[in-house]
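The values are calculated or read from the model by the stated rules, or taken from the named source; none is laboratory data. Values in this document were obtained by computation on a predicted structure and should not be read as measured data. Here the Cβ is made from the backbone with ideal geometry for all residues, glycine too, and neighbour counts use every protein chain on show.
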Number of protein chains: 2
Amino acid sequence: MSQRADPVPGEFALIAEIFAPLANADPGSFGLTDDAAIISPRPGRDLVVTADMMVAGVHFFADDAPDKIARKLMRVNLSDLAAKGAAPHGYILTIALPQDVTMSWLRGFAGGLASDQTEFGLNLLGGDTTATQGPLCLSLTAMGWAPQGQMVRRSGAKEGDDIYVTGTIGDAGLGLRVRRDGNIPGLSAEKNAFLLDRYLLPQPRNVLAGTLAGLAHAAIDISDGLAADLGHITDTSGVGAEIQLASIPLSDAARAALEQQAADITALISGGDDYELLLTTAPGNRQAMADLAARTGVAITRIGSITSGNEAVFLDGKNARIDLKRTGYKHF
Amino acid sequence: MSQRADPVPGEFALIAEIFAPLANADPGSFGLTDDAAIISPRPGRDLVVTADMMVAGVHFFADDAPDKIARKLMRVNLSDLAAKGAAPHGYILTIALPQDVTMSWLRGFAGGLASDQTEFGLNLLGGDTTATQGPLCLSLTAMGWAPQGQMVRRSGAKEGDDIYVTGTIGDAGLGLRVRRDGNIPGLSAEKNAFLLDRYLLPQPRNVLAGTLAGLAHAAIDISDGLAADLGHITDTSGVGAEIQLASIPLSDAARAALEQQAADITALISGGDDYELLLTTAPGNRQAMADLAARTGVAITRIGSITSGNEAVFLDGKNARIDLKRTGYKHF
C-alpha cells in the first residue's frame, strides 16, 4: 500500500486537535487532560444516563458521511433523553478506529458532533480512542437532568390514557431501503431524498422534554419501530393498547410509498430508526398536548388509547385487528 | 458451519438472563427495563466519570478467559476512579458481539462482572448490546463519587512534592510477553504465572481512594507505563520530576527477569497495564503515607520528587540520567 496522505497522529495529538475543542466549554471535562470528568450535582435533579453503541455495517454504512454518522450517534442518545424528559448535559464518547480512517474523516466526524452540541446544548466530557482491526465501533453515553424522581418511565401507562406519537412514522425504515437499494420506484426524487434524510439524520424531540416530565405517564423513543416500542410500554406497564391505523401520522413520502405498493402499513409501523416519541397521558391533557405542539412546532398526534388488556392491538378502518408480528428491528 | 450448540438469544432475552441480574441491586437501573438509568445527586459530592474501550486483538486476546476480559475492562476503569479519589457507584456497559460468541462465553463474562461488582461495590446501570462482523468491542463508562471540588487531578503536582507509586512496576508488561510468547526463559513457572496474572487481572487500588482526595496533590493510574504517566503529571502540572531508579518497587519476578537479562529497567518503566497509582504529596505527609500503607496493606513506595524543571528525569545509582524515550504504550 502507498503511504497514507492523511495519517492519524498519536492518541494525544488526536485528542488535542479533534476532541478537546468539543470539551472545552465544560470545565468539568478538564479539557480532556485528565483521567476523568466531573459532573456537579444539581439540587432537585436526577442525572439521567443512557448509552448506545453503533457499529459500521450494522447500524450505518461504513461510507456514510462522517458528520452524519456522528450526528446519528449523538441523536439516538439525545432521543432517549428526550423520551425520559431529561435536558442534555454532556456525553462520553469511546471510539475504535479502523486502520484506514483519515484525519479528514475525523474532522468531518468532529464537525457533526460540534454542530449537534450547539443545537442541543451539551458538551463532550471525556472518552477513549483506540484502534481496531475491525469495523468502526462507536459508543456514546449521554447524560442529562430530570426533576428528581420524575424521569418519565416506560412503565407508567394507565388504563384510559391517550397514546400520542410525534412527527411521522415509518420514514426511516423506507429511508434505509433507499440507502441500501437506491430510490424507491414511483416516488419522486424529492420524496426519496426526504426518506433518506429521515434515515440518516434523526430529529430527536428534545424540545418537548422539559414539558414531558410533568405531563406524560409513560414514554419511549421509537427506535425499534412503533409496534415494538408500544409493546415495551404495554409490557412494562402491565396494560394493553388499541391503535387506530388510520390515525398514525405518515409523511407525504410514506403515503406515496403506500399508494405505489412499495410498502404496506405493517412495514411502516415495524421499521426502526424513527426516533420519534411515543407517549401516554391522561385524556384530560388533550388541550395541554395541543398547546405543546403549537408552542414547539412539533406535530403530536393522538393515535389510540391504553386498555386494560395485555396486548397492543392495531385496528383497521373496519375496527378489525391487524395481524402483526411485534418484531421491530433486532440486532440478533 | 454446523448449528451452534449454544446460540445467543434475542437482545431482550440476553438482557434478562445475562445483564439484568447485574443491575437489580441499584433501583436507579430500573432493572434494565427502561431507556435510561438515574443517578440521584449526593450533597457535597461530585460525580466522577471515566471510560475505556477495549477491543479484542488490541487490548486483550480474543481467547482470553471471558471472566478475565470482563474484570480487566471493569478494573481499568476502577483504577481511574481510584486515582481520582472517587468511590465507585455504577457503570454503563456497551458491547459489540462477534457472531461466534456463545451463551457460555457470556455467562463467564457476566460472572467476572458480578465478582468485581461485589468486590468493589458498584452495579451495572445500563448499556447496549449489539452485533458486529468484527472483533469483540467493549466500552465501559464508570461513575463514582468524590468530595465536591476535590477530585485529585493530574495537574496539581507542586515543586518539592514526594512522588509515590503503589505495588510493583513493570510486571504487566512482562506478563504480556508471557501471554504472547510463552514463559520467559530462566524464570520459574511460579514467577511466569505471577507475571501473567499481573497482566490479565489488574489490582486497582480503590482501597486508597477515600484517603487520596484529602492527601494527594496529583495522581494518575499507571496504564501507559510509569515513565509516560509521570510525564502526564509533570506536563499538566508544569513541573519536572527526579526519580531514583533504585527506588522503583519491583516484584521478585521482575527482579529475576532483570537478572536473567530478559528485560531492562527501561522496559519495566515503559511497559503498560500496571494499573498501580502514581501520586505526589507534600513531604510533610510521609507519616500519613506510611500509615495509609499499613492500614490498607497496599505497598506505597517513595520513588523521587517533583522539581522546578520541565521534564521527568530517571537517575541511576551514580545519579546519571537514563536516556529514556517517554513513549509508553500507544494505540497508534
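Overview of results
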read-out	value
Residues located in the stretch B:31-44, provided they are facing chain A (nearest Cβ under 7 Å) and crowded, with 19+ Cβ neighbours inside 10 Å	B:Asp34, B:Asp35, B:Ala36, B:Ala37, B:Ile38, B:Ile39, B:Pro41
So B:Ala96, is it surrounded by 19 or more Cβ atoms within 10 Å (Cβ to Cβ) and in contact (Cβ under 8 Å) with a residue 40 or more places away in the chain	yes
Qualifying residue in the stretch A:84-92 (condition: at pLDDT 95 or above, surrounded by fewer than 24 Cβ atoms within 10 Å (Cβ to Cβ) and charged (D, E, K, R))	no
Lone qualifier among A:Ala82, A:Ala25, A:Ala70 - being in contact (Cβ under 8 Å) with a residue 24 or more places away in the chain, in a helix (DSSP H, G or I) and away from every other protein chain (no Cβ under 12 Å)	A:Ala70
Test: residue in the stretch B:256-274 that is in contact with a strand residue (DSSP E or B) (Cβ under 7 Å, 6 or more places away or on another chain), closer than 16 Å to B:Thr301 by Cβ and not in a helix (DSSP H, G or I)	no
Filter pass, A:Ala20 being modelled with pLDDT of 95 or more, more than 7 Å from chain B (Cβ to nearest Cβ) and part of a loop (DSSP other than H, G, I, E, B)	no
Qualifying position, being within 12 Å of chain B (Cβ to nearest Cβ), part of a helix (DSSP H, G or I) and modelled with pLDDT of 95 or more, among A:Val48, A:Val76	A:Val76
Residues (closer than 27 Å to A:Phe30 by Cβ and surrounded by fewer than 23 Cβ atoms within 10 Å (Cβ to Cβ)) located in the stretch A:117-144	A:Gln117, A:Thr118, A:Glu119, A:Phe120, A:Gly121, A:Asn123, A:Thr129, A:Thr130, A:Ala131
Criterion violated by B:Val48 - all others in (1) surrounded by fewer than 24 Cβ atoms within 10 Å (Cβ to Cβ); (2) touching a residue at least 60 places away in the same chain (Cβ under 8 Å); (3) of a type in the set (A, V, I, L, M, F, W, C) satisfied	(1)
